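Novice: Once you've had a glance at the structure underneath, I'll fire off some questions.
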């Protein structure tokens, strides 16, 4: 039995190294030895217990063995899922697969240096917006920060890499007034026409529209309460909180929206009666405003396929008609609002932007140049 420096018995797996004046903890797992050290017995016991837990739950790798892909899966599932919104997880996974995986995926975590990260940033800056770079940095830094906490590596190569400032901003896709009318005309007889008109009348995001419930509609006060968004992850629908705190908002209901939603309510009731027991939405999603014919929630991909089908017909007749994405409707609403004089600060609250700068940066190109007319107001001071 191992003894400490005072001759007292030590717990199993811990020894005292007198020459080094410290304790060593060791255990075996699947034939592999794992070791920790500590200045005190308590410190060593804690380190040993922590390491055992990480090894037995497969959230620890020795520095030489873990690849980027393997560590990303552990990092996202074990460390991020419990602490961030489902929507953020989706953004991280999509961004990793789109931008990071091909560059670093099969490489070992310990082999990546700061110059590798810097080269990655520089190449990304030539092709993508600064916002995309920020997301990639958040993923990379998060992965390495946790790896250091887990004592898998010694240094974080991301911390010394400089994120390039680039002026590449993905311009917002916007329909003109004429194009907006054309799209709605071609969409008129489709199932999801009400979603398109509502999007162009409120600026709501796709997930907010698809997740809208009848309890969110106040017909008496003519207000739409945006309180959540709909996600479809791992073959399951979930309600998530809005994108940011300011995304939870109230939107005044225009007259066309009021009548649109009243018609939708009537049509849905009729459909429920027609389908009878075949109308079978998942538990917790029985109150959605927009559904498929059997009452199920609408996925983002389903709405996109419908949009693409409409667009194909339009472009057959109007070859120069612009490409339309779910965000096009939101940007088009914002542009129409600015063109009709809605102040940016008011538009910010309707869109649910977290700050005015986001609204200004995104829509500065359509804001009227009022410098001359505003400066003329000062002229009366000099008469």
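Novice: Test residue 78 against the stated conditions and say whether it is closer than 30 Å to residue 239 by Cβ, surrounded by fewer than 14 Cβ atoms within 10 Å (Cβ to Cβ) and at pLDDT 90 or above. Break it down stepwise before answering.
Specialist: Numbers: closer than 30 Å to residue 239 by Cβ: yes; surrounded by fewer than 14 Cβ atoms within 10 Å (Cβ to Cβ): no; at pLDDT 90 or above: yes.
No.
Novice: When only residues in the stretch 181-198 that are part of a loop (DSSP other than H, G, I, E, B) and over 14 Å from residue 256 (Cβ atoms) count, which is farthest from the chain's Cα centre (by Cα)?
Specialist: Per the criteria, the residue is 189.
Novice: Which condition breaks for residue 76 when tested against (1) within 22 Å of residue 154 (Cβ to Cβ); (2) assigned by TED's automatic domain parsing to the domain that holds residue 136; (3) touching a residue at least 12 places away in the same chain (Cβ under 8 Å)?
Specialist: (1)
Novice: Out of 327, 323, I need the residue that is more than 24 Å from residue 224 (Cβ to Cβ), touching a residue at least 40 places away in the same chain (Cβ under 8 Å) and under 25 Å from the mean Cα position of the chain (by Cα). Which one? Please lay out each step first, then the result.
Specialist: Working: 327 fails: more than 24 Å from residue 224 (Cβ to Cβ).
Only one candidate qualifies: 323.
Novice: While we're here: Taking residue 102 and the conditions (1) under 18 Å from residue 157 (Cα atoms); (2) over 19 Å from the mean Cα position of the chain (by Cα); (3) at pLDDT 90 or above; (4) assigned to a helix (DSSP H, G or I), which numbered condition does it fall short on, given that it satisfies the others?
Specialist: Here residue 102 clears every test but (1).
Okay, residues lined up against (1) under 13 Å from residue 351 (Cβ atoms); (2) in contact with a helix residue (DSSP H, G or I) (Cβ under 8 Å, 6 or more places away or on another chain); (3) not assigned by TED's automatic domain parsing to the domain that holds residue 297:
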position: 188; (1), (2), (3): no, no, no
position: 195; (1), (2), (3): no, yes, no
position: 214; (1), (2), (3): no, yes, no
position: 221; (1), (2), (3): no, no, no
position: 231; (1), (2), (3): no, yes, no
position: 234; (1), (2), (3): no, no, no
position: 248; (1), (2), (3): yes, no, no
position: 254; (1), (2), (3): no, yes, no
position: 260; (1), (2), (3): no, yes, no
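Novice: Looking only at the stretch 50-73, count how many residues are crowded, with 16+ Cβ neighbours inside 10 Å and at pLDDT below 75.
Specialist: Final tally of qualifying residues: 3.
Novice: Those residues that are buried (at least 17 other Cβ atoms within 10 Å of the Cβ) and farther than 19 Å from residue 71 by Cα, I need them from the stretch 133-162; list them, please.
Specialist: Within the stretch 133-162, 133, 161 meet the criteria.
Novice: Restricting the search to the stretch 102-132, which residues are closer than 23 Å to residue 59 by Cβ and either in contact (Cβ under 8 Å) with a residue 40 or more places away in the chain or exposed (fewer than 15 other Cβ atoms within 10 Å of the Cβ) (or both)? Don't jump to the end; show me each part of the working.
Specialist: Residues of the stretch 102-132 closer than 23 Å to residue 59 by Cβ: 104-112.
Answer for the stretch 102-132, where residues must be closer than 23 Å to residue 59 by Cβ and either in contact (Cβ under 8 Å) with a residue 40 or more places away in the chain or exposed (fewer than 15 other Cβ atoms within 10 Å of the Cβ) (or both): 105, 106, 107, 108, 109, 110, 111, 112.
This table checks each residue for (1) surrounded by fewer than 19 Cβ atoms within 10 Å (Cβ to Cβ); (2) more than 19 Å from residue 258 (Cα to Cα).
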| position | (1), (2) |
| --- | --- |
| 200 | no, no |
| 207 | no, yes |
| 210 | no, no |
| 213 | yes, no |
| 221 | yes, no |
| 224 | no, no |
| 228 | no, yes |
| 237 | no, yes |
| 240 | yes, yes |
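Novice: Looking only at residues in the stretch 4-21 that are touching a helix residue (DSSP H, G or I) at 6+ places or on another chain (Cβ under 9 Å) and in a strand (DSSP E or B), which one is nearest to residue 53 (Cα to Cα)?
Specialist: Residue satisfying both the conditions and the ranking: 14.
Table: residues versus (1) assigned to a loop (DSSP other than H, G, I, E, B); (2) farther than 18 Å from residue 195 by Cβ; (3) free of Cβ contacts under 8 Å to residues at least 40 places away in the same chain.
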residue	(1), (2), (3)
225	no, no, yes
261	no, no, no
268	no, no, yes
281	yes, no, yes
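Novice: Still on this structure, I have one more. Report, by residue number, each residue of the stretch 308-338 that is out of contact with any helix residue (DSSP H, G or I) (no Cβ under 7 Å at 6 or more places or on another chain) and outside any loop (DSSP other than H, G, I, E, B).
Specialist: 308, 309, 311, 312, 315, 316, 317, 327, 328, 331, 336
The values are calculated or read from the model by the stated rules, or taken from the named source; none is laboratory data. Nothing here was measured: the structure is a model prediction, and the numbers come from that model. Note that we place each Cβ from the backbone using ideal geometry, even for glycine, and neighbour counts take in every protein chain shown.
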